[in-house]
Amino acid sequence: MKRILVTGASGQVGSELVPALRERYGSDAVLATDIREPEGALAEGGPFRRVDCTDRQALEHAVRDFRADTIYHLAAILSAAGERDPDQAYRVNLGGLKNALEVARDQGCAIFIPSSIAAFGPSTPPDPTPQDTIQRPTTMYGVTKVAGELLADYYHLRFGVDARGVRYPGLISYVTPPGGGTTDYAVEIFYAAVQQGRYTCFLRPDTQLDMMYMPDAIRASIEVMEADPRRLKHRNAFNVTAMQLTPATLAEAIREHLPHFVIEYQVDPLRQSIADSWPRRLDDSAAREEWGWAPRYDLRAMVADMLENLRKKPGL
Ligand code: NAD
Ligand code: AKB
């Protein structure tokens, strides 16, 4: 029976991944950990332990006490927050990851490590961005993501650690708000549309980025860990994608449901320059070939589901 420890479990991804893992493997088989208290389904659905991933001993004790055989290592500082405090981003994203890999090696755990479209930079071919290509990111977040991809490969090659991962695009979801990224606009826009009927976007209307709806991201994270290892040529940092959006096309899709919705633009130079350095579209053929990846939500399906669920959310 699988026993899974999730770091950074209270965040945008963890708050949906943990319930999905509990549904699949049993509620007592998944330990959620974070430095932030969990809320909602995450808090009610199974065990939680406060663990700072920069504290290797604390992480090791949690893995050992729980007898975990798999770690989903989600704890991180995202792109915009990382530019406000690059030192903290380095400590959490790289220090925390190194600890998680060491603990996985010591305790014989498989480990899931998410990378990001942020692992690419302005010299990467942007459309489509190949699986294996130039990676010279210009943010601290991106630097830690490239280094993380390399570390994960290294721990597999050198120590046999079953490390796997995907490069998530920007993730759109309604359970937990995003934690300080550049793609956050694609979530904020929905809350603003439902609550105020208007949104002021911090990116230019034509800024195209890769995006994915959270149910697809959760499925990708579970499927890559369950994939037959004999078929995997890459293991880590698989490009995955579902849709390509600009603020203008997203606003237009929202207007199909809310015809009076208004979008305005007040560009934030920091986040615009980060977005301009990222790919416009990932080539996810390696994930499709090696473990059968395919997204289920396109723009229309995602917008309809987001609006339906946000309207049901208490307080909105
Ligand atoms: P998030 O910011 O919503 O959540 C991260 C969680 O990590 C938070 O709950 C935070 O409290 C926790 N955390 C921070 N420092 C910690 C520490 N020292 N010890 C333990 N926990 C700590 O981020 P997310 O969106 O859930 O991202 C999860 C992973 O997915 C990250 O690795 C991120 O880089 C990656 N990712 C996310 C997106 C996205 O759009 N959300 C896109 C690409 C990649
Ligand atoms: C961010 O914008 O920082 C994240 C990501 C794409 O990694 N959402």
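Under 5 Å between amide hydrogens, built in the peptide plane, is the criterion, and for residue 198 it picks out 262 among residues at least 5 positions away or on other chains. For region 1-91, the Kirkwood estimate of the hydrodynamic radius, built from every pair of different alpha carbons, is 13.3 Å. Considering only 275, 250, 238, and ranking their Cα positions along the charge dipole of region 234-282 that arises from unit charges at the beta-carbon of Lys, Arg, Asp and Glu, the one farthest toward the positive end is 238.
Amide H contacts of residue 238 (H built 1.01 Å from N, in plane; Pro and chain starts excluded): 165, 166, 167 sit under 5 Å, all sequence-distant by 5 or more or on other chains. In a DSSP loop and with at most 16 other Cβ atoms within 10 Å, the trypsin sites (Lys or Arg not before Pro) in region 44-83 are 67. Averaging the sequence gap over all C-alpha pairs within less than 8 Å and six or more residues apart, then dividing by the number of residues, gives region 83-225 a relative contact order of 25 percent.
Here the convex hull built on the C-alpha positions of region 41-182 has a volume of 120 cubic angstrom per residue. In order along region 275-288, phi translates into HN-Hα couplings of 4, 5, 8, 9, x, 8, 6, 8, 8, 9, 5, 5, 5, 5 Hz, rounded to whole numbers, per the Karplus curve 6.51 cos²θ - 1.76 cosθ + 1.60 with θ = phi - 60° and x for Gly and Pro. Give me the angle, in degrees from 0 to 90, between the Cα long axis of helix 185-195 and the longest principal axis of the Cα atoms of the chain, rounded to the nearest 10. Tilt relative to the chain: about 60 degrees. Rg/Rh, computed from the Cα trace of the chain with Rh as the Kirkwood radius, has the value 0.95.
When the Cα atoms of region 238-316 are aligned to their principal axes, the ranges along those axes come out at 43, 33, 23 Å in descending order.
A Cβ-based charge dipole, computed about the Cα centre of region 174-252 with Lys and Arg at +1 and Asp and Glu at -1, lands at about 260 debye. Extents of region 157-315, largest first, come to 54, 34, 24 Å (Cα atoms, principal axes, whole angstrom). Each Lys and Arg adds +1 at its Cβ and each Asp and Glu adds -1 at its Cβ; summed about the Cα centre, region 1-160 shows a dipole of about 320 debye. Take the chain with all the other protein chains still there, run a 1.4 Å probe, and you get 42 Å² of accessible area per residue. Amide H contacts under 5 Å for residue 116: 168, restricted to partners 5 or more places along the chain or on a different chain, H placed in the peptide plane at 1.01 Å from N. Taking every Cα-Cα distance in region 1-47 and sorting them into 10 Å bins starting at zero, the pair-distance distribution P(r) comes out as 32, 61, 7 percent. Could I get the Rg over Rh figure for region 65-116? Both from C-alpha atoms, Rh via Kirkwood, rounded to two places. Rg/Rh for region 65-116 comes to 1.05. Over 31 Å apart at the Cα level, from the set 145/233; 2/145; 2/233, is no pair at all. Summary value for the chain: 18 percent relative contact order, contacts being C-alpha pairs under 8 angstrom separated by 6+ residues. In a reduced charge model with +1 at each Lys and Arg Cβ and -1 at each Asp and Glu Cβ, the chain shows a dipole moment near 360 debye about its Cα centre. Dividing the helix sum by the residues of the chain, where each DSSP H run of 4 or more adds -39500 (n - 2.57), gives a mean residue ellipticity at 222 nm of -12500 deg cm²/dmol.
Working note: Debye formula, equal point scatterers on the alpha-carbon atoms of region 191-242, no solvent; log10 I(q)/I(0) at q = 0.18, 0.26, 0.28 Å⁻¹ is -0.78, -1.08, -1.13.
The values are calculated or read from the model by the stated rules, or taken from the named source; none is laboratory data. Because the structure is predicted, anything quoted here is derived from the model rather than measured. Positions of Cβ are backbone-derived with ideal geometry, glycine not excepted, and every protein chain shown enters the neighbour counts. Only protein heavy atoms, including side chains, enter the accessible area calculation; ligands, DNA and RNA are left aside. Shrake-Rupley method; radii C 1.70, N 1.55, O 1.52, S 1.80 Å.
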